[in-house]
Amino acid sequence: MALVVKKFGGSSVATTEKILAIAKRILSEKKPDDKIVVVVSAMGDTTDNLINLAEEIDTQPYKAKYSREMDMLLTTGEQISIALLAMAFKKLGQPAISLSGAMAGVRASSVHTKGRILGINPKRVHEELDKGQIVVVAGFQGVDKIGDPVTLGRGGSDTSAVALAGAIKADECEIFTDVDGIYSADPRIVKNAKRMKEITYFEMLEMARLGAGVMQPRSVEMGQYFKIPIHVRSTFTNTPGTIIREDYTVEDKDFEIRGVAHDQKVAKIAVLGVENVPGIAHKLFSALADSNIDVDMIVQSIRNLDKNITDMVFTISLDDLANAKKVVDKVAEEINASTVLVEEDVAKVSIVGAGMLGSPGIAARMFGALANAGINIDIISTSEISVSCLIKGSQLVEAVNSIHDEFFKD
Ligand code: ADP
Ligand code: ASP
Ligand code: MG
């Protein structure tokens, strides 16, 4: 008997035909004693369409004052797909039940639109499995301590699936999607990207954090925490995909870099002409943190030694721009900054790989690839296993391909 969690993303459940097809596939592969939990996303572009609806009310629906209502709206997407998939199983003669995040015991923090799973009480899930049902759970949602729905950030169904797999001690978590595994770069952008058989949690987490949208970063953290192998594979074929796990088992481990990630949903904010005295950075970044805005690359530069004036430049997610601008404008006034500039035509391109530890030449090769393509680097940041460059958004595709060619030419 196997206990498995299978997650199907939006493109896998985009139509009722596809929903029926995945129900058939699951049943054709199911052994009589298998216990199966299926986590699903909203159908196709439903989440985007719901956001578009909210934009008809206010062009900036991610303003803090709307966040609870956004969650009320966005959680409806997944509720449509769970109901339809449970009906599809029943139509095929298989007992099944749909459960919302709250019914499945998914407790989340109260940070609307950016909730984090705090814990899962899988009692109901186990009860339904024991009755012989396939349990279909709404991804991307949990419930906070006062009973309100909370969504888990874009791509959050991945995290729902892996966290549920951990909570019920599943043997494996399968992520079915529109690609047949994890590639050395987004295959939609890099035509000769290479599929991996395996990748470590450590490297996949960094790829995801730096924009590889195939997995939500938090889901990889959950996999690592629960030591659940995550199998990323295609909904539409039977070929094995990529296993995300603790360490490599079969592939050659001597990779220079593991992949190139990119992130287009980035904005840059520059607070110019602030006094270079203790406490300024603290004031600015704690105000952003208090509003739950993650800051990514940060640069502080001395531009006028005589006057002891400095500029603070940093990047945030594009979705946070409206909230961040409000916070930054307020702090800028308090600290007497001369100007606040916002740039939206920026993007981040990164290389990732544990193999780059102690190999300084790797970063230089990345910069060389960008230089040869005539692409200017605005900001550079590094971690133990990654190097990221902020560049012009319009040059992103060329940048990703140039860097990929440099490291993955066969
Ligand atoms: P789902 O709706 O199934 O969750 P997503 O669109 O969230 O699917 O994720 C799958 C997409 O992730 C792929 O279509 C691909 O374009 C993108 N992607 C980005 N980086 C990578 C990568 N390194 N490997 C594979 N896919 C990637
Ligand atoms: N439907 C949500 C989204 O589009 C969650 C998910 O698909 O994982 O982000
Ligand atoms: Mg996804």
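Annotations for the structure displayed:
- Checking residue 383 against (1) among the polar types (S, T, N, Q); (2) in contact (Cβ under 8 Å) with a residue 40 or more places away in the chain; (3) more than 17 Å from residue 255 (Cβ to Cβ); (4) surrounded by fewer than 20 Cβ atoms within 10 Å (Cβ to Cβ), the condition it does not meet: (3)
- Tabulated pairs, the range 179-196, first closer than 13 Å to residue 262 by Cα, second of a type in the set (Val, Ile, Thr) and within 16 Å of ligand 2 (Cβ to nearest atom), C-beta under 7 angstrom, 6+ apart or interchain: 187/179
- Unmet requirement for residue 120, which otherwise passes all of (1) β-branched (Val, Ile, Thr); (2) more than 25 Å from residue 17 (Cβ to Cβ); (3) within 16 Å of ligand 3 (Cβ to nearest atom): (3)
- Scoring residue 261 on the criteria (1) in a loop (DSSP other than H, G, I, E, B); (2) in contact with a helix residue (DSSP H, G or I) (Cβ under 7 Å, 6 or more places away or on another chain) leaves a single failure, condition (1).
- Residue match in the range 75-95 (condition: aromatic (Phe, Trp, Tyr) and at pLDDT below 95): no
- Filter result (away from ligand 3 (no atom under 16 Å from the Cβ), in a loop (DSSP other than H, G, I, E, B) and either touching a helix residue (DSSP H, G or I) at 6+ places or on another chain (Cβ under 7 Å) or not hydrophobic (A, V, I, L, M, F, W, C) (or both)) within the range 157-188: 168, 169, 171, 184, 185
Per-residue answers, yes or no, for (1) within 15 Å of ligand 2 (Cβ to nearest atom); (2) modelled with pLDDT under 95; (3) over 21 Å from residue 168 (Cα atoms); (4) outside any loop (DSSP other than H, G, I, E, B):
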residue	(1), (2), (3), (4)
4	no, no, no, yes
12	yes, no, yes, yes
24	no, no, yes, yes
27	no, no, no, yes
47	yes, no, yes, yes
56	no, no, yes, yes
61	yes, yes, yes, no
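- Selection of the range 203-215 for residues being within 17 Å of residue 355 (Cα to Cα) and either surrounded by fewer than 19 Cβ atoms within 10 Å (Cβ to Cβ) or near ligand 1 (Cβ under 8 Å from one of its atoms) (or both) yields only 207.
- Each residue in the range 72-100 was checked for being in contact with a Gly (Cβ under 8 Å, 6 or more places away or on another chain) and among the charged types (D, E, K, R), and 1 of them qualify.
- Residue check for residue 69: of a type in the set (Asp, Glu) and either in a loop (DSSP other than H, G, I, E, B) or in contact (Cβ under 8 Å) with a residue 24 or more places away in the chain (or both): no
- Annotation: residue 36 fulfils all but one of (1) more than 16 Å from ligand 1 (Cβ to nearest atom); (2) under 24 Å from residue 163 (Cα atoms); (3) of a type in the set (A, V, I, L, M, F, W, C); (4) in a helix (DSSP H, G or I); the unmet one is (4).
- Residue 223 meets all of the listed conditions (1) buried (at least 19 other Cβ atoms within 10 Å of the Cβ); (2) more than 16 Å from ligand 2 (Cβ to nearest atom) but one, namely (2).
- Filter result for residue 283 (surrounded by fewer than 20 Cβ atoms within 10 Å (Cβ to Cβ), in contact with a helix residue (DSSP H, G or I) (Cβ under 7 Å, 6 or more places away or on another chain), part of a helix (DSSP H, G or I) and free of Cβ contacts under 8 Å to residues at least 60 places away in the same chain): yes
- Test: residue 230 is buried (at least 17 other Cβ atoms within 10 Å of the Cβ), aliphatic (A, V, I, L, M) and modelled with pLDDT under 95: no
- The single condition among (1) outside any helix (DSSP H, G or I); (2) closer than 20 Å to residue 279 by Cα; (3) in contact (Cβ under 8 Å) with a residue 12 or more places away in the chain that residue 349 does not satisfy is (2).
- Within the option set 58, 45, being surrounded by fewer than 17 Cβ atoms within 10 Å (Cβ to Cβ) and away from ligand 1 (no atom under 16 Å from the Cβ) holds for one residue only, 58.
The values are calculated or read from the model by the stated rules, or taken from the named source; none is laboratory data. Everything quoted here is computed from the prediction, not taken from an experiment. Here Cβ is always computed from backbone atoms with ideal geometry, including for glycine, and neighbour counts include all displayed protein chains.
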